[in-house]
Amino acid sequence: MFVLLSIFMTLPPLLLLNADAPNAMAFGESAAIVFAMGLAGILASYGKSRDLKPRYMFVLTVFSWLVISLVSAMPFYLSDSGISVTDAIFESTSGITTTGATVLVGLDFMDQDLLLWRSILQWIGGIGIIGMFVAVLPFLRVGGMRLFATESSEWTDKALPRMKTLSRGLLLVYVVFSVVAVLVYWVSGMSLFDAFNHGLTSIATGGYSTSDLSMGKFDSDLILLEATLFMAIGGMPFFLFVREMHGQRGVLWRDQQVRLFVSILLLVPLALTLYRWGVSEDFDFISGYISVLFNVTSVVTTSGYASEDYSAWGSLSFVLFFFLMFIGGCSGSTSGGMKIFRFQLSLIVLKEQLMRLLHPRAVLTRNFNGRPVSDEIITSMIAYTFIFLLCLLAITLALAALHLDFVTSLSGALSSLTNVGPGLGAIIGPAGNFASLPDAAKWILCAGMLLGRLEILSVVVVLSPGFWRS
């Protein structure tokens, strides 16, 4: 991973041909250091067994994301922009976890190599997240992800015999969607540089932009619709795209997650648009709907883009966007959040409980996507939900202890745990950023971003004393 990361670090000055890469030396030094770390690890482990047991997989998963977040900050810190250690690590952590929260201001005039590195980090994080959700978390039985292990292994055994084939398929789909996004943005009027950056961060549902105005910079309904489509694609299970690619037609739409996900993205914006249309006399319905659709999709998929300050749309919009921050995309996507399938499992459990109250002797079965749902999966899902709410409470209290207001503390904690990016309110809302927060708050939010990205339970397991004793 270090060797690959060092190669990616050389891309900003190479792609810009040093013309707009004043920090080429910083990237070169960072790449050399990270490559040396990777080479040292390879030499130290040469010839040794690589049989990874679950215990080692927990450690590898947690510490790889942590260490990569730290070393990815080097180009920011070593640049000539005067970025502090705290801000550099916050920016890299937000990037690699595809959160999209930023402490940098004046993006319109920032060095292009640094802007490009932010987008590359989110693109790397996006494919890393897909691999983690498809291959690692189900194996570790984290947060109900075991529900997807059987599905993945079954079609892999029949259609794609080896995990390497699955990995290549996921990478191919991810790259193709990214290239298409870049080309579409470019044809629609963005400069090649803007198109490249937004193409990478749209599919990764990361939300880093090249402007302080985010997508509002382009003032184009067409670009907003295109971004909405690419964010929605990024919020869907990528292994289902691979299955479609290998001839299993219609499998994407038959998935219960995808159907509910698309329904939310269509119905919620329509309802909010009708509300805004009813309370405003000069509301342009078509442009208004496109704006609402874009911003709702951005929050639900945890992308973090914004075309305008949706927190200023009224009390209903403010409260609605707060709850939308919980949802997230589908499992196996680049999105953060609690994920669609957990809400669906909760509804299944609720329905089962109601049926047991009405018919105590009834024999009931739980099914999701036509497959039985075991008690282990339900227990894991409930444990995840509880620890999520507990972490939300703890981070909110920690931020409030730093004298941040209630809205900033709560929405900041939620946006970090769900990897949404912007919070709510005047400070960290879609029209603001995290630059003015104290350093202690930024470190707390970095921890929240990593917790949310790693599904919380995997981190809790590694931090528990029993993990190291047993």
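Does residue 445 satisfy the criteria of being open to solvent by less than 10 Å² (accessible area, probe 1.4 Å) and modelled with pLDDT under 90?
On the way: open to solvent by less than 10 Å² (accessible area, probe 1.4 Å): yes; modelled with pLDDT under 90: no.
Against the criterion (open to solvent by less than 10 Å² (accessible area, probe 1.4 Å) and modelled with pLDDT under 90), residue 445 does not qualify.
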Is there a residue being part of a loop (DSSP other than H, G, I, E, B), open to solvent by 50 Å² or more (accessible area, probe 1.4 Å) and at pLDDT below 90 anywhere in the range 53-64?
yes
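Could you check how many residues of the range 315-349 are part of a helix (DSSP H, G or I) and either open to solvent by less than 10 Å² (accessible area, probe 1.4 Å) or under 25 Å from residue 96 (Cβ atoms) (or both)?
Going through the range 315-349, the residues part of a helix (DSSP H, G or I) turn out to be 315-327, 340-349.
Cutting the leftovers down to either open to solvent by less than 10 Å² (accessible area, probe 1.4 Å) or under 25 Å from residue 96 (Cβ atoms) (or both) gives us 317, 321, 324-327, 340-342, 345.
Here the count works out to 10.
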Might you let me know whether the range 147-164 holds any residue that is modelled with pLDDT under 75, open to solvent by 20 Å² or more (accessible area, probe 1.4 Å), closer than 20 Å to residue 380 by Cα and in contact with a Ser or Thr (Cβ under 9 Å, 6 or more places away or on another chain)?
no
Checking residue 42 against (1) under 30 Å from residue 337 (Cβ atoms); (2) β-branched (Val, Ile, Thr); (3) at pLDDT below 95; (4) open to solvent by 40 Å² or more (accessible area, probe 1.4 Å), only one condition comes out false. Which one?
(1)
Counting just the residues of the range 183-197 that are part of a helix (DSSP H, G or I) and aliphatic (A, V, I, L, M), which one comes out surrounded by the most Cβ atoms within 10 Å (Cβ to Cβ)?
195
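Give the range 73-127 a look and list any residue that's small (Gly, Ala, Ser) and open to solvent by 30 Å² or more (accessible area, probe 1.4 Å), or say none.
Initially, the range 73-127 is screened for residues small (Gly, Ala, Ser), giving 73, 79, 81-82, 84, 88, 92, 94-95, 100-101, 106, 119, 125-126.
81, 82, 84 - these are the residues of the range 73-127 that are small (Gly, Ala, Ser) and open to solvent by 30 Å² or more (accessible area, probe 1.4 Å).
Where in the range 212-291 are there helices (runs of 4 or more DSSP H), lying wholly inside it, with at least 3 residues that are without any contact (Cβ under 8 Å) to a residue 40 or more places away in the chain and open to solvent by less than 40 Å² (accessible area, probe 1.4 Å)?
Details: elements: 221-234, 238-245, 251-254, 256-279.
Output list reads 256-279.
Which members of the range 3-37 meet the condition of being buried (at least 20 other Cβ atoms within 10 Å of the Cβ) and of a type in the set (Phe, Trp, Tyr)?
Taking the range 3-37 as the starting set, the residues that turn out to be buried (at least 20 other Cβ atoms within 10 Å of the Cβ) are 5-6, 9, 12-13, 21, 23, 26-27, 30-31, 34.
Within the range 3-37, just 27 meets the criteria.
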Of the residues 230, 196, 239, 177, only one is under 21 Å from residue 128 (Cβ atoms), touching a helix residue (DSSP H, G or I) at 6+ places or on another chain (Cβ under 8 Å) and either of a type in the set (A, V, I, L, M) or at pLDDT below 95 (or both); which?
239
Quick one: in the range 356-397, of everything that is under 16 Å from residue 256 (Cβ atoms) and among the polar types (S, T, N, Q), which residue is least open to solvent (accessible area, probe 1.4 Å)?
369
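Of all residues in the range 8-29, which are part of a helix (DSSP H, G or I), of a type in the set (Gly, Ala, Ser) and over 16 Å from residue 118 (Cβ atoms)? Show your work before the answer.
Within the range 8-29, the first condition is being part of a helix (DSSP H, G or I), and the residues that meet it are 8-9, 11-15, 24-29.
Going one step further and asking which of them are of a type in the set (Gly, Ala, Ser), we end up with 24, 26, 28.
24, 28, listed by residue number.
So in the range 301-314, with the set limited to residues that are open to solvent by 40 Å² or more (accessible area, probe 1.4 Å) and not hydrophobic (A, V, I, L, M, F, W, C), which one is farthest from residue 426 (Cα to Cα)? Steps first, please.
Looking only at the range 301-314, we keep the residues that are open to solvent by 40 Å² or more (accessible area, probe 1.4 Å), and these are 308-309, 312.
Still in the list and also not hydrophobic (A, V, I, L, M, F, W, C): 308-309.
Details: 308: 13, 309: 10 Å.
Out of the qualifying residues, it is 308.
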Residue 35 passes all but one of (1) at pLDDT below 95; (2) of a type outside the set (Asp, Glu); (3) part of a helix (DSSP H, G or I); which number fails?
(1)
Would a scan of the range 303-320 turn up a residue that is touching a Leu at 6+ places or on another chain (Cβ under 9 Å), among the hydrophobic types (A, V, I, L, M, F, W, C) and under 22 Å from residue 197 (Cβ atoms)?
yes
Restricted to the range 425-438, and to residues that are in contact (Cβ under 8 Å) with a residue 24 or more places away in the chain and out of contact with any Leu (no Cβ under 8 Å at 6 or more places or on another chain), which residue is most open to solvent (accessible area, probe 1.4 Å)?
431
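The values are calculated or read from the model by the stated rules, or taken from the named source; none is laboratory data. Here the structure is a predicted model, which means the values were calculated and not measured. Positions of Cβ are backbone-derived with ideal geometry, glycine not excepted, and every protein chain shown enters the neighbour counts. To get the accessible areas, we keep the full protein, side chains included, count just its heavy atoms, and leave off ligands, DNA and RNA. Shrake-Rupley method; radii C 1.70, N 1.55, O 1.52, S 1.80 Å.
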